Every structure is written in C-alpha cells, then in structure tokens.
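The structure appears right after this line, and notes come after that.
Every number in this text was worked out from the coordinates using simple rules, so none of it is lab data. What you see is a predicted model, and the numbers here were worked out from it, not measured in a lab. FYI the Cβ positions are ideal-geometry reconstructions off the backbone, even for glycines, and counts take in every protein chain you see.
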Amino acid sequence: MPMNTALIGKEYPASSPYEVSREKIREFAIAIGDQNPVYMDEEAAKAAGYPDIIAPPTFLTVLSFKYSPQVIGDPELGVNYAMVVHGEQEFELLRPVRAGDVLVGKPRIANIAARGRNEYLYVEAAIETVEGEKVAVASATIVSRGTAPQEG
Amino acid sequence: MTASIGYSDVAVGDEVKPWTYKVERINLVMYAGASGDFNFIHWNEQFAKMVGLPNVIAHGMQTMARVGEYVTAWCGDPGAVLKFKTRFTSPVVVANEAPTEVSVTGKIVEKLDGNAVRVELSAAIGELNVAAAEAVVRLA
C-alpha cells in the first residue's frame, strides 16, 4: 500500500533529550573501528582545540533511533517496515557533536515520491541542543520497495 | 583544530590515496550494539536469506562510518567535516566464512569558499559499487 502523501510537510515533536556521553562516543568509535584520539581521549581533544571529546561525523545515527520511530511508525503514514531500506543519508554539521551535548531531534517529512515501483520517504531532522543551539541537519531517504501506486 | 592539509596545496582532480578495509560479522554485531540498529538482516543469516538477501548485509551507516574515517584520516581533523552524504547503491554482503574487503577511493571535485573542498568518495567490493558519497571538508 502506498504511503500517505497528505503527510508531506508534517512536523513531529522533538525527541526526548539525549545526553551525549564520552563513553558512548568511545563505544561508537570502537565499533566503527576508528579510534581517532579526538574521539577517545579528553586531553587529545582539548589539545586539538575542542572543549571535550568529539563524535565521528556519522554519530548522529544513534540519535536517529530516538526521533525516527515516531515518523516511521506513524499509523497515518502507512510505512511497511519490512519493505524499507536506507537509500541515502546526509549530515550537515554546523559543528562537531561533542560529549556533554544534550540533543533533541525534530523530524519532518520533507517529501514522499514514487519512482517506478518504489516510494521514497525523505525525513529531515533539525538537531539542536536543549539550549536551542542548532548543531546539525540530518536527512534520510528511506526506500519503500514495491509499494508505489500502480496504474490500472 | 585545523586540518593538516592546506587549501592552497590541493587542486581539483587530486586523488585521495585509496584504502581498503575488511568487514566481518563481529563488526556488524558491534555496530548494531553501538548504533542501536538491531535489524535482523545485519546479524541473522537465516532471517536475511528468508527475506531474499544473499546473506547478512552490513548496515549502510557502518559503510558510511568507514568512508568517514577515510576522509577524516586524510584531512587530519574529524571536526572539519561540514557536510557528509552517502547513497547506498548495493548491499555489502558479509558471509560467516570470510571477511568482505571493501575499497574506498576519493577525489577532490570542487574548491569552495572558506577553505572548503568537495570530495567525491566511492566504496566498492571488486567492481561492484556499494556506496557513492560526498564530503565537504574545511582545509587549513
């Protein structure tokens, strides 16, 4: 069944505050196999001019699991989770995410489009600190396989 | 921190030294735990095959993270990445028996204002392209 295109432009409430910890950044860095000292060691990060250890550029994927479920699981949208794959991801980073940040994600449905048999759901999330500082924009393209409206 | 590569030292067309990495099941289990993406297709072979995949596949974001390491290691400052975009063009299949080797390449395609450059990046398994990416990085 196709997705509900009436939801294009829908904005969702901010996710609950997520505190970025040093240990989570380290765990993520170890998991991706990239132990750059600025991800691992407070002193190395400070020597590099950062107030605390910083997170790898793709770290915000962790936060996406806090704000995306309300979009993907929106009963009015009608996504069949078994049919979706991650098509594309973009991060626009106004500054590196760092330990101590308390972040919220505010997702909106930027577009829904059909191409061939597939549908494309574009979710754009503004990532801000709880103090209101804009940190990043995370945009995901979710491909829903074979759910495009068919003629005839 | 500033990048270790100077804006004036690079030109459009310059290539980033190619790099390869290996993916094994353990890497996907660790990525699942650290990222919070526990989709069965990334660790359960039986399930992956049941939904029509050839085997377990890597998280797209795991591939993007490895490409991110490639570009940040090159420029010398992970905090210099202003924009990072990746299109997942084909799944990275990871069998239990042997690691999958992925090669990563990059090329400077544009010089922008503010000492930034646009780098086109690509990840492939042999001839099969698995990710087409692009990063905007601020150089020194």
Net charge contributed by nearby residues that have their C-beta within less than 13 Å of A:GLU43 (K/R +1, D/E -1): -1
Choice from A:LEU77, A:LEU63, A:LEU103 with maximal GNM fluctuation in chain A (Cα, 10 Å cutoff): A:LEU77
The stretch A:80-133-the stretch B:1-66 distance, computed between alpha-carbon centres (Å): 18 Å
Positive minus negative residues near A:GLY100 (Lys, Arg vs Asp, Glu; Cβ under 9 Å): -1
Residues A:ARG145 and A:ARG95, FRET efficiency given R0 of 51 Å [Cβ-Cβ distance, rounded to 0.05]: 0.90
Net charge over other residues, Cβ less than 14 angstrom from the Cβ of B:GLU69 (K, R count +1; D, E count -1): +1
Alpha-carbon spread of chain B, three principal axes, descending order, Å: 52, 30, 21
Proximal lysines to B:LYS17, defined as alpha-carbon separation beneath 30 angstrom and excluding residues fewer than eight positions away on the same chain: A:LYS46, B:LYS83, B:LYS85, B:LYS107, B:LYS111
Three semi-axes of the equivalent ellipsoid, the protein assembly as shown, Cα gyration tensor, whole Å, largest first: 30, 23, 20
P(r), alpha carbons of the stretch A:1-45 - 10 Å bins starting at zero, rounded %: 22, 27, 17, 23, 11, 1
Helix axis angle, A:22-32 relative to chain A longest principal axis, alpha carbon, degrees: 60 degrees
Other protein chain Cβ atoms within 10 Å, averaged over every residue that makes up B:83-91: 5
Residue order, fewest to most surrounding Cβ atoms within 10 angstrom, among A:ILE30, A:ILE127: A:ILE30, A:ILE127
Dimensions (Å) - chain A, Cα atoms, principal axes, largest first: 65, 32, 20
Highest-fluctuation residue, A:ALA110, A:ALA82, A:ALA99 considered, GNM on chain A with Cα pairs under 10 Å: A:ALA82
Sequence-distant aspartates and glutamates (8 or more away, or on other chains) whose Cα lies within less than 14 Å of B:LYS22: A:ASP34, B:GLU69, B:GLU97, B:GLU101
Equivalent ellipsoid semi-axes - Cα gyration tensor, the stretch B:1-68, angstrom: 35, 14, 9
Cα-based Kirkwood hydrodynamic radius, the stretch B:91-139, one decimal, Å: 12.4 Å
Cα Rg, Dmax, the stretch A:67-106, angstrom units: 14.1, 36
0 to 90° range, to nearest 10: angle between helix B:60-75 axis and chain B longest Cα axis: 30 degrees
